[in-house]
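Undergrad: This is the structure I want to talk about, given as structure tokens.
The values are calculated or read from the model by the stated rules, or taken from the named source; none is laboratory data. As the structure is a computational prediction, the values presented were derived from the model and not from experiment. Heads up, the Cβs are rebuilt from the backbone with ideal geometry, glycines too, and the neighbour counts pull from every protein chain shown. Areas reflect the complete protein model, heavy atoms only, side chains present, ligands, DNA and RNA absent. Shrake-Rupley method; radii C 1.70, N 1.55, O 1.52, S 1.80 Å.
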Amino acid sequence: MKQTEPDFWVLEYVAITKDPRTDLVVAIGGTEQAADILQRTGGFLSTAGPRGDYHRLPHGLPVEQQRLKATTASHALLAAGHSVHLDPALNALATADGEHEAALRYLAHLAERVTAAETNSAVADVLTEIAAPVNGLLPLTTEVIVRAWIAASDLHGASPGEEPEPIARLGETASAMSQAASFILHARNHAARAPRTPAPAPPPSSTRPPASRRR
């Protein structure tokens, strides 16, 4: 008996993503049925574009609303048999935060590297990763603290120098972290300039000379 390939019900491809220029969530591709699903389940609007109609979410939606509507529409499209690409940044059902997990692995790797370091230069390399002026972990973390301090002050409505003590201490903490980065770089430079420790000389052999050489 001749076997035939099965018929798969896969409709035209739909891509749901965020336009980097306008920050609008757009859906491109699909059939009229896909358009209906986008409008009913995700609240997408049909819009005429230079290369044909496309769909987008309304202007001014909060980011979480954008993610929720895009995720809902994508699952409805998949259930109807459409092939869909959903931008991972719009997936409201994503589980683990990949970037957070990668950061934890990176810190654990640095700890392992410095624990296994056998030379001053190896220690200096790890300290560089921590305190490098542009991309070091500590300066980048300090920038986050500074921005948090500014945001908290603005939200509290306090003038500079008049913030509540807990908020003011954020600024002091950022200053201390910046100073700590400077100290770490100083230690890094010292380690990088330190002379290499010579390899220990092998212990003298205790083997007795051959009998022919003994008197």
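Undergrad: Go through region 172-184 and report how many residues are more than 11 Å from T142 (Cβ to Cβ) and under 25 Å from the mean Cα position of the chain (by Cα).
TA: 1
Undergrad: May I pose another question? Could you tell me whether H82 is of a type outside the set (S, T, Y) and touching a helix residue (DSSP H, G or I) at 6+ places or on another chain (Cβ under 7 Å)?
TA: It is true that H82 is of a type outside the set (S, T, Y) and touching a helix residue (DSSP H, G or I) at 6+ places or on another chain (Cβ under 7 Å).
Undergrad: OK, next. Can you say whether V126 is under 22 Å from S182 (Cα atoms) and part of a loop (DSSP other than H, G, I, E, B), as far as the supplied structure shows?
TA: In short, no.
Undergrad: Which pairs do you get when a residue that is free of Cβ contacts under 8 Å to residues at least 60 places away in the same chain and of a type in the set (D, E, K, R), found in region 139-151, comes within reach of a residue that is part of a helix (DSSP H, G or I) and open to solvent by less than 70 Å² (accessible area, probe 1.4 Å), reach meaning Cβ atoms under 6 angstrom, with the pair 6+ apart or on two chains?
TA: none
Undergrad: Looking at (1) among the hydrophobic types (A, V, I, L, M, F, W, C); (2) open to solvent by less than 70 Å² (accessible area, probe 1.4 Å); (3) closer than 30 Å to R56 by Cβ; (4) touching a Ser or Thr at 6+ places or on another chain (Cβ under 7 Å), which is the one condition that is false for I145?
TA: With (1) among the hydrophobic types (A, V, I, L, M, F, W, C); (2) open to solvent by less than 70 Å² (accessible area, probe 1.4 Å); (3) closer than 30 Å to R56 by Cβ; (4) touching a Ser or Thr at 6+ places or on another chain (Cβ under 7 Å) applied to I145, the lone miss is (3).
Undergrad: Which number in (1) at pLDDT below 85; (2) hydrophobic (A, V, I, L, M, F, W, C); (3) part of a loop (DSSP other than H, G, I, E, B) marks the one condition that L61 misses?
TA: Result: L61 passes all but (1).
Undergrad: What single numbered condition from (1) open to solvent by 80 Å² or more (accessible area, probe 1.4 Å); (2) in contact with a helix residue (DSSP H, G or I) (Cβ under 6 Å, 6 or more places away or on another chain) fails to hold for L138?
TA: (1)
Undergrad: Separate question: Quick one: R188 ticks every box in (1) within 30 Å of A27 (Cβ to Cβ); (2) in contact (Cβ under 8 Å) with a residue 60 or more places away in the chain bar one, so which box is it?
TA: Here R188 clears every test but (1).
Undergrad: Under the condition of being over 20 Å from A180 (Cα atoms) and among the hydrophobic types (A, V, I, L, M, F, W, C), which residue from region 106-121 is most open to solvent (accessible area, probe 1.4 Å)?
TA: For region 106-121, the residue satisfying everything is A116.
Undergrad: Which residue, of A151, A168, A92, A103, is touching a helix residue (DSSP H, G or I) at 6+ places or on another chain (Cβ under 8 Å), among the aliphatic types (A, V, I, L, M) and surrounded by 11 or more Cβ atoms within 10 Å (Cβ to Cβ)?
TA: Unique residue meeting the criteria: A92.
Undergrad: Ok, one more. In region 47-71, how many residues are closer than 21 Å to Q33 by Cβ, in contact with a helix residue (DSSP H, G or I) (Cβ under 9 Å, 6 or more places away or on another chain) and surrounded by 18 or more Cβ atoms within 10 Å (Cβ to Cβ)?
TA: The number of residues fulfilling the criteria is 5.
Yes/no matrix, rows are residues, columns are (1) in a helix (DSSP H, G or I); (2) of a type in the set (A, V, I, L, M, F, W, C):
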residue: D36; (1), (2): yes, no
residue: H55; (1), (2): no, no
residue: L78; (1), (2): yes, yes
residue: H82; (1), (2): no, no
residue: L104; (1), (2): yes, yes
residue: A108; (1), (2): yes, yes
residue: R113; (1), (2): yes, no
residue: A122; (1), (2): yes, yes
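Undergrad: In region 134-187, which residues are on the phi < 0 side of the Ramachandran plot and in a loop (DSSP other than H, G, I, E, B)?
TA: Taking region 134-187 as the starting set, the residues that turn out to be on the phi < 0 side of the Ramachandran plot are 134-156, 158-160, 162-187.
V134, N135, G136, A158, S159, P160, E162, E163, P164, listed by residue number.
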